[in-house]
Amino acid sequence: MSGLATIAHDAGKLIAFALRPRQTPWTAREYADLLRRYEEDSQFRSIVDGVREGMGLRIVDATRNGLFLAAAEGSPFRLAADDYKQNMTAQERVLHGVIQIAIAAFSFPKADVLDQEDNVAPAHVTPVKLAEYIRQFAEAEATRSPAETNSDDSAERRAWREALSRALTMETSGGKESARSLTGMCRHALDFLEGQGLMRVVDEENAVYQGTTAYRIRLKYHAAHELLTLMRGAPTSGANP
Amino acid sequence: MKRDRKRIESGANLFATITSEDSSRRAPSNNPDPSPRLEVRELEEAVSRRTRNLLVPEPILDVERTKSQRDTDLSRHDFRLLCLVALDTVIDRMGFGSGATRRDVQNALAPILRASEPDMTTDRERLVVDLVLDALLNERGRRQRFMARYAVLEGGAVRWLDFEYELLEERQTDDGEGRVFRASKEAINLYTSMLGLDLEDAAVADAAVLRYQAERGRLDDAIQTAHQAQIRAKAYAEHIRLRLEIARRDVEQAAWVAQVLPVIDEALHHISDRIEKERELRGGLEQRRYQASGEDLAKLTRLLNEIEKSERTNLDLHRLLLTANLQFRDEHARQRLRRPSAALLPNLEADVLLPWLASPTVEARERFASALNIVAGVYTPCVTSLDALWSKLLAPPIIVSPAEADTVPPETTEMKTPLPPFAREDFETSAQFFRNTLTGRFRLSELLITAEARALPPAACRLVVLLSMQQFGAAVGRRQFHVEPVGEFFATNGFAGDDLVLSRT
């Protein structure tokens, strides 16, 4: 291989490491070496940046903890709803969206908690705790004074609350957790994040999870702002790499 | 009298001057001298600081206070003691990038728990350890900083403020796999009873006291002081490390130059002085150790260990301070990603989750895919090729051969079918045999030869042997004939073992 081809080969390797959720520079020596090279070698850095931009990937963070990427609109690396859970109903999509936001908010409720050092471990979370957390917030939202709610979307709000209450009522059906109950959905969400290297299982028997350093980094340097932008209705940076 | 009070209070707590001898009698407006106003301000600051000091132990006191409300009986355990032992374990293992593991904490608490509750199960032990750690981490508050409201005096008026603090935090270790606990500055100060003191002043005071005690041979006191000093050295190192980390993340060159460089200079000056003084003290103590013996030798060794721990912490901090500026410049030179500062980060609960829950269903549904990609990472396609697929399909079947352990099997004997139980006739035959044959002293081997000669059935022969063994050492009330060992081995008629002599007497 020529010099440039060798650099491109190594650039591909670095991006491949970044795309594997469970790989960390602490466990793969080559990954750590490539990260160091990315920091120190400007030619290597421009080739890595060029390749990943071409693939529709943007950098969330690049430190000794790893190279963290996010997929822009149109990227083949973008998660589709079916990658998350197959054959979801419209209602399930709504609830799973809330659950993902709730996991982030449960782990890092305030800016100062999110702003702690990258390797500080957040609170433990279980599917049951998370479902209860969502229920409390949903109830608080439901009891807001009518003056605060917009009469135009009251029907929409009702549908929302009904979806949530249906999921909540499934909790105890037959004394067994249903995958369509709120707790069951929370478990799926946490398991999915665990597969993405963003959660770790602390206690399998009691289903205790905890956000990883990668999860904090993703939220702190990318997701928190993007979610806020999304809430405000402005286009997110996902539109462009 | 008031002047005396001031001196005692100041001396006992090493606090700054807090009161004046007659400030209550003088109205500030009638006095052109600015010092009373200054003293009033100092009083306000001191009271404010001490109020905060009263708040810091609250999480520990709370877990003790509320233990009776839990599902299980915890009355035999004092959570104040357990929390402080946990803090001691964590602080002792703290260094740069390290701390105590859950196992370390559990090992430290286990003997105390078992002393209070000897029949404690492992599960229950884990439960208590979890309660201790959860209290210190504020797990109930999802590991947010503890917050308490308190009142302060400001120019004679009362104002309410929020005081935020933390006691313990959990960190991922550098290998990415482990987790360790680290104590906060407030926790270290709480543990060393130095809340409200200036860390640098406390370190200087420790050094002076340690030297004084060591020079006068008060080795027990010196060990305690050295232990306290090494914990305070960790508190100081943690304090500086945190300041540098916060400054490093907020990559404003101007703030670094104006605010952080002076801190580095001051800390370097302080730490160099500490290293020099500790080296001198250690040199003197090492010479004394060469001449010491017995108990003094052991005490001097312990004292030197404590001083060495403190030296290690100070040297690590010294190294960090020397390279801090260089690291910061490198980061700028490489034009690293500009990370958002804390002020710009949203509150995920208030700014995102609540509005999300309040939004119409259609919008929430449409946002799902975007939110998923923002929060949950990227999709990693499983890359394969047609060649790879063919080779997989055409590959020979996998033959699973169970793994065999590389061990030598032990020599064993197969159990035979158990012999049938004895019949009534067998007992009668054997009893008849004893009555007819045992007329004097006979060896068991001789009796067996006779039995064979008289064609005694095998079951009856076995009973003869078993009854002989039963009578050997039988209680007097159950003894029917006398049996004693011969001291010789026999093998007759399919029986083998130590021979016995049987007689009716």
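The values are calculated or read from the model by the stated rules, or taken from the named source; none is laboratory data. Model, not experiment: these values are computed from the prediction. For neighbour counting, all protein chains shown are included, and Cβ atoms are generated from backbone atoms with ideal geometry for every residue, glycine included.
Being part of a strand (DSSP E or B) and more than 10 Å from every other protein chain (Cβ to nearest Cβ) is a property that A:Leu67 has. Note on region B:425-437: among residues that are surrounded by 16 or more Cβ atoms within 10 Å (Cβ to Cβ) and within 21 Å of B:Arg479 (Cβ to Cβ), the one that is nearest to the chain's Cα centre (by Cα) is B:Ser430. Looking at A:Arg157, A:Arg144, A:Arg166, just one residue is crowded, with 16+ Cβ neighbours inside 10 Å and either modelled with pLDDT under 70 or outside any loop (DSSP other than H, G, I, E, B) (or both), and that residue is A:Arg157.
When A:Phe77 is tested against (1) in a helix (DSSP H, G or I); (2) at the interface with another protein chain (Cβ under 7 Å from one of its Cβ atoms), exactly one condition is not met: (1).
If you scan region B:69-106, which residues turn out to be more than 30 Å from B:Glu177 (Cα to Cα) and part of a helix (DSSP H, G or I)? B:Gln69, B:Arg80, B:Leu81, listed by residue number.
Count of region B:145-165 residues, restricted to those that are buried (at least 17 other Cβ atoms within 10 Å of the Cβ) and within 26 Å of the chain's Cα centre (by Cα), is 3. Looking across region B:164-205, the residues that are more than 14 Å from chain A (Cβ to nearest Cβ) and either in a strand (DSSP E or B) or of a type in the set (Ser, Thr, Tyr) (or both) come down to B:Tyr191, B:Thr192, B:Ser193. Yes or no: region A:87-99 includes at least one residue that is modelled with pLDDT of 90 or more and more than 7 Å from chain B (Cβ to nearest Cβ). Scanning region A:87-99 turns up at least one residue that is modelled with pLDDT of 90 or more and more than 7 Å from chain B (Cβ to nearest Cβ). The residues in region A:11-56 that are more than 14 Å from every other protein chain (Cβ to nearest Cβ) and buried (at least 18 other Cβ atoms within 10 Å of the Cβ) can be counted, and the count is 4.
Of the numbered criteria (1) at pLDDT 90 or above; (2) farther than 30 Å from A:Thr183 by Cα; (3) in a loop (DSSP other than H, G, I, E, B), the one A:Glu53 fails is (3). If you go through region B:329-373 and keep only what is at pLDDT 85 or above and aliphatic (A, V, I, L, M), you end up with B:Leu345, B:Leu348, B:Ala350, B:Val352, B:Leu353, B:Leu354, B:Ala369, B:Ala371, B:Leu372.
When each of A:Ser151, A:Ser181 is tested for being touching a Ser or Thr at 6+ places or on another chain (Cβ under 8 Å) and either modelled with pLDDT under 95 or surrounded by 21 or more Cβ atoms within 10 Å (Cβ to Cβ) (or both), the lone residue that passes is A:Ser181.
Hey, any hits in region A:109-129 for a residue that's more than 7 Å from chain B (Cβ to nearest Cβ), modelled with pLDDT under 90 and in contact with a Ser or Thr (Cβ under 7 Å, 6 or more places away or on another chain)? Yes; the residues of region A:109-129 include at least one that is more than 7 Å from chain B (Cβ to nearest Cβ), modelled with pLDDT under 90 and in contact with a Ser or Thr (Cβ under 7 Å, 6 or more places away or on another chain).
Please determine whether any residue of region B:239-250 is touching a Phe, Trp or Tyr at 6+ places or on another chain (Cβ under 8 Å), of a type in the set (Lys, Arg) and surrounded by 16 or more Cβ atoms within 10 Å (Cβ to Cβ). Within region B:239-250, one or more residues are touching a Phe, Trp or Tyr at 6+ places or on another chain (Cβ under 8 Å), of a type in the set (Lys, Arg) and surrounded by 16 or more Cβ atoms within 10 Å (Cβ to Cβ). Before we move on, is B:Asn138 within 14 Å of chain A (Cβ to nearest Cβ) and under 30 Å from A:Phe108 (Cβ atoms)? It is true that B:Asn138 is within 14 Å of chain A (Cβ to nearest Cβ) and under 30 Å from A:Phe108 (Cβ atoms).
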